[in-house]
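K.L.:
Pasting in a structure now, in structure tokens, and then I'll have a few things to ask.
The values are calculated or read from the model by the stated rules, or taken from the named source; none is laboratory data. Source: prediction; values computed, not measured. Methodologically, a virtual Cβ is constructed for each residue, glycine included, from the backbone with ideal geometry; neighbour enumeration extends over all protein chains shown.
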Amino acid sequence: MFDDVNAVQLTVFTVLFAAVSVLGFVAARWRAADDLEHLDEWGLGGRNFGSWITWFLIGGDLYTAYTFVAVPALVFSAGAIGFFAVPYTIVVYPIVFLVLIRLWSISHVHGFVTPADFVRARHGSSTLALLVAITGIVATMPYIALQLVGIEAVLKAMGVTGHIPIIVAFTILAAYTYNSGLRAPALIAFVKDTLIYIVIIVAVIVIPYKLGGWDEIFGAAEAKFAASPNPGDGVLLAGPSQLQYATLALGSALALFLYPHSITGVLASRDRNVIKRNMAALPAYSFVLGLLALLGYMAIKAGVVPIGADPEAGEPGDPNTIVPQLFDAMFPSWFAGVAFAAIGIGALVPAAIMSIAAANLWTRNIYVEYINKDATPKQEAKSSKLASLVVKVGALAAIIALDPEFSIDLQLIGGIIILQTLPAVAIGLYTRWIHRWALVAGWAAGMAVGFWTTYQIPQKKFTSPTEFTVTKEHFGGSAFPLSELGYDTTWTIYAGFLALLVNLVVCVVGTFVLRALNAPDGEDATRGSEYFADRDDPRVTDVPEAVG
Amino acid sequence: MSEQVPEGTRREQRSDHSPWNWLLVIPLFATLIPPLFNRTSPDLFGIPFFYWYQLAAIAIGVSTTLIVYRISRR
């Protein structure tokens with residue numbers, strides 16, 4: 001378990017990790033209400049976070065450890081396409097700006113905790129709400145599992161192998177999330193993000209300097225991709241992948257705030273202005289992410305070899321280890337330890353928020369809806385706390401018992417399936433024109449197309465620009481060739497985007513059909529003016545008495 | 001629908017509509033059309049255009065959201 005361990009790195013890592021764990025438990029008393037036995041307290045931190053806390057919380061939530069290792073890894077192995085993370089996180093905020101404040105207002109007036117709560121009230125359909133809740137849980141679970149992949153990547157780089165360390169880390173995480181709820185990741189996010197900012201700023205100054213400048217770095221990248229037989233990689237986008245780049249960025253942006261954990265962060269904020277301010281301030285993280293992506297090229301220049309790679313045998317190894325390997329090669333041990341801690345802690349914040357969000361969906365939209373209709377606020381909080389444990393054990397089991405590849409596949413699909421809740425949630429915030437059963441049909445169609453397209457996409461290993469061997473039959477990526485649809489082109493499109501288009505078409509056609517058949521509309525429990533309510537509104541109570 | 005307006009909520013009969021909201025479209029056009037920036041020159045400190053342009057585009061996103069926020073606050 002501890003062969004070739006770098007003692008200095010491991011010590012710094014462990015100390016920071018332990019300090020953060022203490023913080024996680026102490027968080028229960030931070031800005032605390034009289035008791036945590038209410039879902040608004042445990043699951044939304046009292047719905048009272050100001051601009052700074054929200055910035056750290058949502059930033060820590062969206063820009064996960066997995067993002068931090070996977071985006072540079074993609075740039076390392078494929079080049080420009082990996083940079084989609086930048087346009088993705090640029091366009092997301094202008095897109096959701098007006099939408100989220102509506103969601104915040106209506107949720108605060110009605111005491112909604114999850115997106116499915118809103119769907120239930122707005123469309124008067126418990127079926128649709130259940131579908132949205134299940135979609136959210138299914139999309140979130142593999143995402144939690146992938147945070148473990150992030151921790152594992154840094155542990156591997158420090159020479160620590162085996163599953164026991166991540167079991168210990170996740171057990172501690174589970175314990176303080178159970179204890180403190182959303183306050184734990186909110187407080188830890190301060191440490192996580194501060195460390196991340198320091199590490200990245202140092203990295204983009206020191207590493208290019210050591211490597212002889214940006215010219216050298218991009219020169220090495222160009223040489224690598226020129227030598228590679230894959231026609232799709234390169235420092236610039238290959239022609240056919242431009243549509244994939246744009247639709248992947250747009251589709252991911254549309255999906256991001258449909259994820260339950262993002263909505264949890266938004267609903268925990270104090271008022272509309274906190275959200276608006278954050279839409280302007282969160283791109284600071286996008287900048288950091290962009291710089292991080294460039295670490296992939298620095299790793300090429302520095303000659304970093306992924307752990308487990310064997311270039312002679314053509315074995316690619318684990319590309320997720322390239323950033324930790326780069327830090328290991330470029331930084332003194334103590335600072336590499338800090339950098340590893342930043343990534344490791346970076347896994348804890350989103351994992352905690354995701355498990356809380358999934359637990360809230362379970363409680364509000366399955367437990368209260370179908371199992372215990374008269375649950376007291378205390379029972380709701382208890383149910384969520386227990387569910388958060390179950391979710392984490394599930395994620396841990398998925399990584400340990402199954403191939404981590406399985407979680408990566410699922411997360412790929414996760415983004416695509418969560419996108420299918422867009423008509424019910426995001427469009428639903430604006431109009432009820434789409435019939436509730438058309439929404440259900442659109443969801444089903446989108447899911448089917450999402451699965452079918454990703455199932456069709458193989459993972460290829462090129463031996464020459466035109467010849468390749470298929471290394472994986474299915475779920476090999478999200479770039480769907482338009483030629484599969486009969487178009488005579490080499491262009492590819494993001495599978496999730498295609499699925500969403502089909503979903504929307506079915507929604508529209510279905511609505512016309514259902515209206516023609518006089519199918520009854522659902523009842524709308526919301527009123528127009530409630531979508532603009534702010535904190536000073538008497539209808540908005542800090543902690544609603546009877547939630548729902 | 002004519003509903004009774006609860007006391008003190010007249011201010012909330014507003015909406016989020018504003019012509020300034022259209023500013024939010026700018027970042028989409030600036031970043032979602034790859035042919036606009038899928039090239040290496042001009043470079044900046046050795047960083048190809050493709051990369052520094054998109055990093056710089058973050059400022060476009062920030063300024064538009066900031067302007068819309070400032071105006072809607074009034």
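K.L.:
With respect to A:LEU148, determine if the residue is aliphatic (A, V, I, L, M), touching a residue at least 40 places away in the same chain (Cβ under 8 Å) and within 14 Å of chain B (Cβ to nearest Cβ).
P.N.:
Here the answer is no, as A:LEU148 does not meet what is asked.
K.L.:
Continuing with this model, one more query. If you go through the range A:407-420 one residue at a time, do you hit one that is modelled with pLDDT of 90 or more and either among the polar types (S, T, N, Q) or surrounded by fewer than 20 Cβ atoms within 10 Å (Cβ to Cβ) (or both)?
P.N.:
Scanning the range A:407-420 turns up at least one residue that is modelled with pLDDT of 90 or more and either among the polar types (S, T, N, Q) or surrounded by fewer than 20 Cβ atoms within 10 Å (Cβ to Cβ) (or both).
K.L.:
Taking the stated definitions as given, is A:ALA293 within 24 Å of B:PHE50 (Cα to Cα), within 14 Å of chain B (Cβ to nearest Cβ) and buried (at least 24 other Cβ atoms within 10 Å of the Cβ)?
P.N.:
Considered against the rule, which asks whether it is within 24 Å of B:PHE50 (Cα to Cα), within 14 Å of chain B (Cβ to nearest Cβ) and buried (at least 24 other Cβ atoms within 10 Å of the Cβ), A:ALA293 comes out as yes.
K.L.:
Let me ask you something else. For B:TRP22, are the conditions met, namely being surrounded by fewer than 16 Cβ atoms within 10 Å (Cβ to Cβ) and more than 7 Å from every other protein chain (Cβ to nearest Cβ)?
P.N.:
Criteria met by B:TRP22.
K.L.:
For A:TYR209, only one of the following conditions fails: (1) surrounded by fewer than 21 Cβ atoms within 10 Å (Cβ to Cβ); (2) closer than 21 Å to A:LEU62 by Cβ; (3) aromatic (Phe, Trp, Tyr). What is its number?
P.N.:
Only one criterion is unmet by A:TYR209, namely (2).
K.L.:
State all residues of the range A:293-313 that are farther than 26 Å from A:TYR88 by Cβ and in contact (Cβ under 8 Å) with a residue 60 or more places away in the chain; if no residue qualifies, say none.
P.N.:
A:ALA302, A:ILE307
K.L.:
Being outside any strand (DSSP E or B), in contact (Cβ under 8 Å) with a residue 24 or more places away in the chain, more than 22 Å from the chain's Cα centre (by Cα) and under 21 Å from A:PRO231 (Cβ atoms) is the filter here, so list the residues in the range A:483-503 that pass it.
P.N.:
Scanning the range A:483-503 gives A:GLU484, A:THR489, A:THR490, A:TRP491.
K.L.:
Take the residues in the range B:29-74 that are closer than 30 Å to A:ARG272 by Cα and of a type in the set (Lys, Arg), then tell me which one is modelled with the lowest pLDDT.
P.N.:
Out of the qualifying residues, it is B:ARG74.
K.L.:
Restricting attention to the range A:179-190, report how many residues are more than 16 Å from A:GLN147 (Cβ to Cβ) and crowded, with 20+ Cβ neighbours inside 10 Å.
P.N.:
Selection size over the range A:179-190: 6.
K.L.:
Go through the residues of the range A:95-112 one by one and say whether even a single one is among the small types (Gly, Ala, Ser) and more than 14 Å from chain B (Cβ to nearest Cβ).
P.N.:
yes
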